[in-house]
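*Asks:* Before I ask anything, let me first share the structure, which is written out below as structure tokens.
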Amino acid sequence: MEKKAPFLIALLAVLAAVARAQAPVAPSPSPAAPEASATPNPSFPAQVELVTVDVVVTDKKGAPITGLKKEDFVVTEEDAPQSVTSFEAVELPPTASAVTPTRPRMSTNLDRESHSGRSFVILFDDIHLSPFSAQRAKAAVAQFLRTGVREGDRVSLVATGGGAWWSTRMEAGRDELITMLKRLDGRYIPDTSNERMSDYEAMRIHIYHDQQVEERVSRRFETYGVSQRNQAGQSDDPNQNMNGDPFVQARATDVYFQSVSRNRITLQILQRVLQALSAAKGRKSVVLVSEGFIYDPNLDEFKQVLQASKRSNTATRVG
């Protein structure tokens, strides 16, 4: 039987020294006080930045390479070699445990192994998940908790609707996470009325005044008999026709601000999760479980999430 090689994660701490100096201007010697002519030594303040680099090493066939040491790595920044001050290799078993380990009766922060391994945050975006989609999402997350994690991994389950924020150590904490996952449900109820409008259409109409999108939605509303023009009759005023359909525009404004409210909640919680992971050691990943939402460049939260992901050295995936 072919033996699977353990999974290897190498953590490099790269020491980047950034020196910023400014020599103070020496005072002019005073004729009345010749003894004060001696100038003080200039000071050169320096700042040292420790950067953690997460590395997964595989061969040409994708198999993990084990047995690597600090001397096997060369890290450069703008073609300049950087000093590797520390190195830690984390080897994970190829498969999950067949039997869930029992939780230890005592917790301690003195165990070195408790600080290694991987950190996962599952952000369950229930305010963007419909009840039907949430059932499928929960099944996928439960499967990941059963087969995708290994002993020693730290996993957190966070719900954007506020129903969960719990962290535990795998694999002993798997059952409690799955139990908490079952309590979550989708909170987003899709609009199935004749006045329905997608968040993207609302943004294009309200923010960008896209006439093509507005005319397409207006024709759809007229077909369904919900347009103000159909309710009050066609207007003979050419200026009103040139300014668009006020009913569609009002509907777009309402839908857009509802989507902005939901998106901000999700993005702000995602930013908090990333900031909390900045102090964690090891490989860090955030899995956003969501039906998705529109990218609105007018929201600063998108930029803040991107910056927080870079600062925390965390990979973010949408599932």
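What follows is calculated from the coordinates using simple rules that are stated; it is not laboratory data. Only a predicted model underlies this, so the values are computations on that prediction, with no experimental measurement involved. A quick note on method: Cβ atoms are made from the backbone with ideal geometry, for glycine too, and the neighbour counts reach across all protein chains shown.
*Asks:* Count charges around residue 73 for me, please; just the other residues with Cβ under 13 Å from its Cβ, Lys/Arg as +1, Asp/Glu as -1.
*Replies:* Cβ neighbours under 13 Å give a net charge of -2.
*Asks:* Related question: Can you tell me which of 120-131, 63-74 comes out highest on packing, and rank the rest after it, using the mean Cβ neighbours within 10 Å?
*Replies:* 120-131, 63-74
*Asks:* Given 138/284; 281/303; 70/284; 61/284; 60/303, which pairs have Cα atoms separated by over 30 Å?
*Replies:* From the list (138/284; 281/303; 70/284; 61/284; 60/303), the Cα-Cα distance tops 30 Å for 60/303.
*Asks:* For the stretch 201-216, take each phi angle, set θ = phi - 60°, evaluate the Karplus expression 6.51 cos²θ - 1.76 cosθ + 1.60, and give the result in whole Hz per residue in order, putting x for glycine and proline.
*Replies:* Once rounded to whole Hz, the list reads 4, 5, 5, 5, 7, 6, 8, 9, 6, 6, 5, 5, 5, 5, 5, 5.
*Asks:* Each residue of the stretch 184-190 in order: what ³J(HN,Hα) in whole Hz does its phi give by Karplus 6.51 cos²θ - 1.76 cosθ + 1.60, θ = phi - 60°, with x for Gly and Pro?
*Replies:* In residue order, the calculated couplings are 7, 8, x, 9, 8, 9, x Hz.
*Asks:* On to the next question. Please rank 187, 251, 146, fewest neighbouring Cβ atoms within 10 Å first, as an exposure proxy.
*Replies:* Exposure proxy ranking, most exposed first: 146, 187, 251.
*Asks:* What nm value, rounded to one decimal, do you get for the distance between residue 73 and residue 299 when each label is placed 7 Å out toward the C-beta?
*Replies:* The two pseudo-label positions are separated by 3.5 nm.
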